[in-house]
1. Answer yes or no: is there a residue in the range 14-36 that is among the charged types (D, E, K, R) and either assigned by the TED database to the domain that holds LYS222 or at pLDDT 95 or above (or both).
2. So, of the residues in the range 192-228 that are more than 17 Å from GLU172 (Cα to Cα) and among the basic types (Lys, Arg), which turns out to be surrounded by the fewest Cβ atoms within 10 Å (Cβ to Cβ)?
3. If the requirement is being within 30 Å of ILE48 (Cβ to Cβ), outside the structural domain of GLU252 (by the TED database) and touching a Leu at 6+ places or on another chain (Cβ under 7 Å), which of these qualifies: LEU97, LEU133?
4. How about the range 158-183: which of its residues are open to solvent by 30 Å² or more (accessible area, probe 1.4 Å) and within 18 Å of PHE234 (Cα to Cα)?
5. Within the range 209-262, can you find the residues that are assigned to a loop (DSSP other than H, G, I, E, B) and in contact with a Phe, Trp or Tyr (Cβ under 6 Å, 6 or more places away or on another chain)?
6. Taking the range 168-196 on its own, how many of its residues are in contact (Cβ under 8 Å) with a residue 12 or more places away in the chain, more than 27 Å from the chain's Cα centre (by Cα) and part of a loop (DSSP other than H, G, I, E, B)?
7. So for the range 21-33 (the condition being open to solvent by 10 Å² or more (accessible area, probe 1.4 Å) and small (Gly, Ala, Ser)), does at least one residue qualify?
8. Could you check the range 144-165 and list, in sequence order, the residues that are at negative phi and among the polar types (S, T, N, Q)?
Amino acid sequence: MEYTNHLYLILYPNPSLVASQYNPQQFARHYISGSTRYYDGKVLFAEIDINYRHPHFAIEEGLAQLVPHEDGRPKATKFISIYRVLEHIDFDAIQKLYLTSPEAAVLELEPANDDVKTREPGILRIFAEITPLRMLVLTKLDFIEFGRSITAENDMRSVPSLFYTQLEFDTESFLQDFEHNPLMQPPIPGLHPSKLRDAIFELQSSRDKTSKGLALDSSFDKIPYRFIRHGFMFAAGSRYRFFRMPANRDIEESNYKFWKSM
């Protein structure tokens, strides 16, 4: 039986480039429940143009090893690279992004062709870095500016490429809620409210400081998908590729199984 070959860029939990004869839905189920390797949580991966090639990757060799099992089952995974993967991917080769719930429900996202309309002057934002960095950051920068800042050349703290997302957060509402209830539940899983308040005051009182780290690990697996604001971004300097997150009501109508896991 003939199977279609695929190239998948796993973004979370373990960045890697993988060849597979599974379609995206099969690949998601295999990663979460079909493999002998135990994993319980979200999976984010992208489909890469099967014709994409880069000297950093032995793609031809990997695809050549996509041979069905003796009983006819397709080859599930052939890992091509697990190190410095994202920085060697041309964003134009990223065709689709897939969000997978711990129950293996899959939401497919297309690249957004419209402008990334995320400019909201004067507000503070929280970004969750996903790969290769994994910090949670409070910043005055908007969606594009943040990625450009983290991937700026000639900066010792930069990375070549970054995959990240913005979280739903209203500074004023949070400060009001915290004032009335200092024992409130964290607005972001794993982030202590008093630490967040202190970070907000620090940025608001500093004209020159643009960003403040909130956590060394964004703990993205603990953040519900309903917290995602705008969508997901690949950034590398002035280049970016954006995948917009549909409205919750649209997801409920089109993909109820995934919506239940949000």
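The values are calculated or read from the model by the stated rules, or taken from the named source; none is laboratory data. Please read all numbers here as calculations on a predicted model, not as lab measurements. Quick reminder, even Gly has a Cβ in these numbers, built from the backbone with ideal geometry, and neighbours come from all protein chains shown. Heads up: the accessible areas ignore ligands, DNA and RNA and are worked out on the full protein's heavy atoms, side chains in. Shrake-Rupley method; radii C 1.70, N 1.55, O 1.52, S 1.80 Å.
1. First pass over the range 14-36, keeping only residues among the charged types (D, E, K, R): 29.
Remaining after also requiring either assigned by the TED database to the domain that holds LYS222 or at pLDDT 95 or above (or both): none.
No, every residue in the range 14-36 fails to be among the charged types (D, E, K, R) and either assigned by the TED database to the domain that holds LYS222 or at pLDDT 95 or above (or both).
2. If we take residues in the range 192-228 being more than 17 Å from GLU172 (Cα to Cα) and among the basic types (Lys, Arg), then ARG207 is surrounded by the fewest Cβ atoms within 10 Å (Cβ to Cβ).
3. Working: LEU133 fails: outside the structural domain of GLU252 (by the TED database).
Exactly one of LEU97, LEU133 is within 30 Å of ILE48 (Cβ to Cβ), outside the structural domain of GLU252 (by the TED database) and touching a Leu at 6+ places or on another chain (Cβ under 7 Å), namely LEU97.
4. Initial filter on the range 158-183 (open to solvent by 30 Å² or more (accessible area, probe 1.4 Å)): 158, 160, 168-170, 172-173, 175-177, 179-183.
Result: SER158, PRO160.
5. Kept after step one, since they are assigned to a loop (DSSP other than H, G, I, E, B), are these residues of the range 209-262: 209-210, 216-219, 223-224, 237-238, 245-247, 255, 261-262.
Matches in the range 209-262: MET262 only.
6. To start, the set of residues in the range 168-196 that are in contact (Cβ under 8 Å) with a residue 12 or more places away in the chain comprises 168-169, 171, 174-175, 178, 182, 187-191, 193-196.
If we keep only those that are more than 27 Å from the chain's Cα centre (by Cα) too, we end up with 175, 178, 182.
When the remaining residues are screened for being part of a loop (DSSP other than H, G, I, E, B), the result is 182.
Matching residues across the range 168-196 total 1.
7. Within the range 21-33 (the criterion being open to solvent by 10 Å² or more (accessible area, probe 1.4 Å) and small (Gly, Ala, Ser)), the answer is yes, since at least one residue qualifies.
8. If we filter the range 144-165 for residues that are at negative phi, which is where we start, we get 144-153, 155-165.
SER149, THR151, SER158, SER161, THR165 - these are the residues of the range 144-165 that are at negative phi and among the polar types (S, T, N, Q).
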